[in-house]
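*Asks:* Take this structure first; my questions come after.
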Amino acid sequence: MSSETALPLKRRTPRSTAERGALYPRWFWPSFAVPGSVYLLLFFLFPFYVVLAVTFGTVDPILRQPVPAWNPLHWNASILTFTFSNITHSDGLYQAPLVHTFAFVAGATVICLLIGYPFAYFLARKSGRFKGLFLVLFFAPFWISYMLRMLSWQSLLLDNGYVNRILMSLGILSHPYGWLDGKPVTVIIGLAYGYVPFMVLPLYASLDRIHPSFLEAGRDLGCSPLRTFLRVTLPLSRQAILAGLVICSLPMFGDYFTQQLLADTSNTRMIGNAIVEQLVVPIFVSRAAALILVLIVLLLVPILYYLRSTNRAAEQGIA
């Protein structure tokens with residue numbers, strides 16, 4: 001292209017200070033992170049260091065109380081070694097509770113996903129102007145104390161409770177089922193009921209942001225409603241599903257209250273119950289701290305995977 005036919009380039013003139021807005025010093029916006037950083041330092045990092053100090057500390061031979069080792073140079077790994085040996089050995093003190101925990105959490109998380117995704121899809125796509133009402137009706141029971149809600153489940157699951165009555169009237173059961181006799185399925189149901197809101201919220205937020213034009217494009221290309229859901233809606237909500245799985249399952253690993261109220265037997269004992277049992281005996285507090293540390297290390301794996309997946313999706317522009 002010759003210089004005669006080339007279009008002249010429009011020279012950009014620098015914008016004035018009024019057009020660009022006020023200029024702030026470099027420290028201005030980072031300063032907003034100071035309150036949150038102080039909060040995390042005081043209520044997360046310091047308590048975590050206390051757990052480390054107790055884990056690698058010693059026990060007073062006279063008072064039989066844990067003695068934290070604040071200096072990392074004086075840390076003793078004997079309690080941590082004891083904890084690992086009782087987790088890895090088949091006859092260890094903590095292997096069965098850890099296996100129960102992973103099994104119960106996996107089952108409850110799947111139930112939460114099976115319940116939460118259809119409900120979140122309904123709220124985002126089909127509820128119309130009643131969306132707020134359905135949200136209030138769904139979350140209203142969860143404003144009540146967790147203990148009271150679990151106690152209500154005790155009443156429902158009694159031999160003469162409504163659950164057995166309904167199942168027997170439908171012909172599913174011929175006699176009352178002992179839901180409260182230490183059944184693992186009872187713990188799974190209780191966990192799913194207690195933590196299903198953590199699954200619904202991220203799913204609803206993601207599904208509600210999907211623009212209707214994406215769905216219309218799928219239908220215009222000849223896709224059936226099911227195929228549109230599988231090829232458009234489900235992939236776009238994949239990050240929300242992952243977020244729901246992580247947010248929903250993480251608090252379950254530390255739960256101990258559900259098992260105590262609904263199935264308080266040894267065959268349903270979870271790692272949270274093992275930690276609480278060690279905490280009530282002063283001489284075993286360091287064991288509880290070691291269990292907490294092991295549990296944190298195990299849970300770092302899904303957290304790091306979630307963060308990596310989220311960053312990768314953000315780079316690809318699909319988050």
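The values are calculated or read from the model by the stated rules, or taken from the named source; none is laboratory data. Here the structure is a predicted model, which means the values were calculated and not measured. For neighbour counting, all protein chains shown are included, and Cβ atoms are generated from backbone atoms with ideal geometry for every residue, glycine included.
*Asks:* Suppose the filter is of a type outside the set (Ser, Thr, Tyr) and either in contact with a Ser or Thr (Cβ under 8 Å, 6 or more places away or on another chain) or outside any helix (DSSP H, G or I) (or both); does LEU98 pass it? Steps first, please.
*Replies:* On the way: of a type outside the set (Ser, Thr, Tyr): yes; either in contact with a Ser or Thr (Cβ under 8 Å, 6 or more places away or on another chain) or outside any helix (DSSP H, G or I) (or both): no.
The answer is no for LEU98.
*Asks:* Just give me the residues in the range 261-275 being in a helix (DSSP H, G or I) and surrounded by fewer than 17 Cβ atoms within 10 Å (Cβ to Cβ), in sequence order. Even if it seems obvious, please write down each step before you answer.
*Replies:* Initial filter on the range 261-275 (in a helix (DSSP H, G or I)): 261-262, 266-268, 271-275.
Answer for the range 261-275, where residues must be in a helix (DSSP H, G or I) and surrounded by fewer than 17 Cβ atoms within 10 Å (Cβ to Cβ): SER266, ASN267.
*Asks:* Filtering the range 61-83 down to residues that are farther than 22 Å from LEU291 by Cβ and not in a helix (DSSP H, G or I), which residue is modelled with the highest pLDDT?
*Replies:* Pass one, the range 61-83, residues farther than 22 Å from LEU291 by Cβ: 61-63, 71, 73.
Narrowing the set further to residues that are not in a helix (DSSP H, G or I) leaves 61-63, 71.
Numbers: PRO61: 82, ILE62: 84, LEU63: 80, ASN71: 91.
By that ranking, first place goes to ASN71.
*Asks:* Let me ask something else. Output the number of the condition that THR109 fails; it satisfies all remaining conditions of (1) surrounded by 15 or more Cβ atoms within 10 Å (Cβ to Cβ); (2) without any contact (Cβ under 8 Å) to a residue 12 or more places away in the chain.
*Replies:* Only one criterion is unmet by THR109, namely (2).
*Asks:* Follow-up. Could you count how many residues in the range 140-189 are in contact with a Leu (Cβ under 6 Å, 6 or more places away or on another chain) and over 22 Å from ALA103 (Cα atoms)?
*Replies:* 4
*Asks:* Right, another one. In the range 144-162, which residues are assigned to a helix (DSSP H, G or I) and small (Gly, Ala, Ser)?
*Replies:* First pass over the range 144-162, keeping only residues assigned to a helix (DSSP H, G or I): 146-156, 162.
Matches in the range 144-162: SER152, SER155.
*Asks:* Spot the failing condition for GLN260; the list is (1) polar (S, T, N, Q); (2) free of Cβ contacts under 8 Å to residues at least 12 places away in the same chain; (3) under 27 Å from TYR146 (Cβ atoms), and only one is missed.
*Replies:* Just one mismatch for GLN260, condition (2).
*Asks:* Need pairs with beta-carbon distance below 9 Å; first residue at positive phi and within the range 43-64, second of a type outside the set (Ser, Thr, Tyr); sequence gap 6+ or separate chains.
*Replies:* Matching pairs, first to second residue: ARG64/PRO282; ARG64/ILE283.
*Asks:* Kindly establish whether ARG165 is charged (D, E, K, R), part of a helix (DSSP H, G or I) and modelled with pLDDT of 90 or more. If you could, list the steps in order and put the result at the bottom.
*Replies:* Working: charged (D, E, K, R): yes; part of a helix (DSSP H, G or I): yes; modelled with pLDDT of 90 or more: yes.
It is true that ARG165 is charged (D, E, K, R), part of a helix (DSSP H, G or I) and modelled with pLDDT of 90 or more.
*Asks:* Considering (1) closer than 22 Å to LEU279 by Cα; (2) more than 25 Å from the chain's Cα centre (by Cα), say which one GLY128 fails and leave the rest.
*Replies:* Unmet for GLY128, out of (1) closer than 22 Å to LEU279 by Cα; (2) more than 25 Å from the chain's Cα centre (by Cα): (1).
*Asks:* Is it the case, given these coordinates, that GLU216 is free of Cβ contacts under 8 Å to residues at least 60 places away in the same chain, farther than 30 Å from LYS126 by Cβ and among the acidic types (Asp, Glu)? Before you say what the answer is, go through the steps one by one.
*Replies:* Details: free of Cβ contacts under 8 Å to residues at least 60 places away in the same chain: yes; farther than 30 Å from LYS126 by Cβ: no; among the acidic types (Asp, Glu): yes.
So GLU216 does not fit the description; no.
*Asks:* Further question: When you scan the range 238-248, do you find a residue that is out of contact with any helix residue (DSSP H, G or I) (no Cβ under 8 Å at 6 or more places or on another chain), of a type in the set (A, V, I, L, M) and under 30 Å from ASN86 (Cα atoms), even just one?
*Replies:* no
*Asks:* Between ILE79, ILE87, which is out of contact with any Leu (no Cβ under 9 Å at 6 or more places or on another chain), among the aliphatic types (A, V, I, L, M) and touching a residue at least 60 places away in the same chain (Cβ under 8 Å)?
*Replies:* Numbers: ILE87 fails: out of contact with any Leu (no Cβ under 9 Å at 6 or more places or on another chain).
Answer to the selection: ILE79.
*Asks:* Quick check on the range 216-262: of everything there that is in contact with a Pro (Cβ under 7 Å, 6 or more places away or on another chain) and small (Gly, Ala, Ser), which residue is farthest from LEU180 (Cα to Cα)?
*Replies:* Initially, the range 216-262 is screened for residues in contact with a Pro (Cβ under 7 Å, 6 or more places away or on another chain), giving 240, 243-244, 246-247.
Filter once more, keeping what is small (Gly, Ala, Ser): 240, 243-244.
Details: ALA240: 34, ALA243: 32, GLY244: 29 Å.
Among them, the one singled out is ALA240.
*Asks:* Return the pair list, or none, for Cβ contacts closer than 7 Å from residues in the range 276-288 that are more than 19 Å from PHE48 (Cα to Cα) to residues that are among the hydrophobic types (A, V, I, L, M, F, W, C) and outside any helix (DSSP H, G or I), at least 6 apart or on different chains.
*Replies:* ILE283/VAL59
*Asks:* Among the listed residues LEU123, LEU52, identify the single one that is surrounded by 14 or more Cβ atoms within 10 Å (Cβ to Cβ), among the aliphatic types (A, V, I, L, M) and under 19 Å from ALA288 (Cα atoms). Spell out the reasoning first.
*Replies:* Details: LEU123 fails: under 19 Å from ALA288 (Cα atoms).
On inspection, the qualifying residue turns out to be LEU52.
*Asks:* I would also like to ask the following. Taking the stated definitions as given, is LEU40 over 26 Å from PRO282 (Cβ atoms), surrounded by 11 or more Cβ atoms within 10 Å (Cβ to Cβ) and either modelled with pLDDT of 85 or more or within 26 Å of the chain's Cα centre (by Cα) (or both)? Lay out the reasoning, then the answer.
*Replies:* Values: over 26 Å from PRO282 (Cβ atoms): yes; surrounded by 11 or more Cβ atoms within 10 Å (Cβ to Cβ): yes; either modelled with pLDDT of 85 or more or within 26 Å of the chain's Cα centre (by Cα) (or both): yes.
Judged against the criteria, LEU40 is a match.
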